[in-house]
1. Can you give me the Kirkwood hydrodynamic radius for the range 8-102, using every pair of distinct Cα atoms, in Å to one decimal?
2. If a/c stays under 1.5 just call it rounded; otherwise compare a/b with b/c (prolate if a/b is bigger, oblate if not). Do that for the chain, with a ≥ b ≥ c from the square roots of the Cα gyration tensor eigenvalues.
3. Give me the percent of the accessible area of the chain that comes from carbon and sulfur atoms, probe 1.4 Å, all protein chains in place.
4. Using modelled backbone amide H atoms (1.01 Å from N, in-plane), which distant-in-sequence or interchain residues come within less than 5 Å of I164's amide H?
5. How many percent of Cα pairs in the range 1-50 exceed 15 Å?
6. Counting helices only, and only those DSSP H runs with n ≥ 4, report the 222 nm mean residue ellipticity of the chain as the sum of -39,500 (n - 2.57) divided by its residues, in deg cm²/dmol to the nearest 500.
7. Could you tell me which residue out of L26, F68, P37 lies farthest along the dipole of the range 22-71 toward its positive end? Charges go on the beta carbon: Lys and Arg +1, Asp and Glu -1, centred on the Cα centre.
8. Positive end of the dipole of the range 69-118, charges at C-beta (+1 Lys, Arg; -1 Asp, Glu), about the Cα centre: which of F99, S78, A115 has its Cα farthest in that direction?
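The values are calculated or read from the model by the stated rules, or taken from the named source; none is laboratory data. Nothing here was measured: the structure is a model prediction, and the numbers come from that model. For neighbour counting, all protein chains shown are included, and Cβ atoms are generated from backbone atoms with ideal geometry for every residue, glycine included. SASA here: full protein model, heavy atoms, side chains in, ligands and nucleic acids out. Shrake-Rupley method; radii C 1.70, N 1.55, O 1.52, S 1.80 Å.
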Amino acid sequence: MQPFTFVRLQYRSGNWDTDPRMPSNLLHSLIEYTTVPVNEQEKVVPLESPELFNYPFAYMSGHKLVQFNQKERRNFESYVRNGGFVFVDDCNHDIDGLFARSFEEQMWQIFGQHALKKIPNSHKLYRSFFTFDEGPPTTSFELNGWGDDLVHDYLKAIEINGRIGVLYSNKDYGCEWDYDFRNKRWLAEDNTKFGVNIILYALTS
């Protein structure tokens, strides 16, 4: 089995380089809980680059505008349709923020207006390693109770041939997991366990 590489997508619009400690935190969790071999450093890959197709998993995040150029759009679609998995996390934790509106618009343009759908809490993503009976765990960054539908008790996804190709979160997991992994010992419950589920789902589905 090839070592798992945490790939961060670099795209030309917006800000892609958020939550710098998060990848090493999730990689530490993979080492701690699973037997998956890992590369211990994240790898930044431009969305325009054909190098993306060498990896089964990619992470994309930001706060600002998402507006793919033609090559980025073509690579994103080809990667997802050919078995790649992209975990997209909105750092604004806001369903009507600039990142959310512009990213969802990009997905509509590429995959169609109804491709991005809520996934049920019974989805196998929530049982791919650890069990999350109530669906996606909450984060301390969510705007609970402010406005309509801002208690994010669901994730959205674009499924290709019965598997998730794009997993989309407004819950700001990136910020939630953006701390030195050595501080995990102070937590009553390791909040990165759901990240392990996401990666294991990407590698095995």
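1. The Cα-based Kirkwood calculation yields 14.2 Å.
2. Verdict is rounded for the chain.
3. Its accessible area is 48 percent carbon and sulfur atoms.
4. When sequence neighbours closer than 5 places are left aside, there are no close amide H contacts.
5. Details: 607 of 1225 pairs.
Tail of the P(r) past 15 Å holds 50 percent of the pairs.
6. That comes out to -8000 deg cm²/dmol.
7. So the residue furthest toward the plus end is F68.
8. Positive-end residue among those listed: S78.
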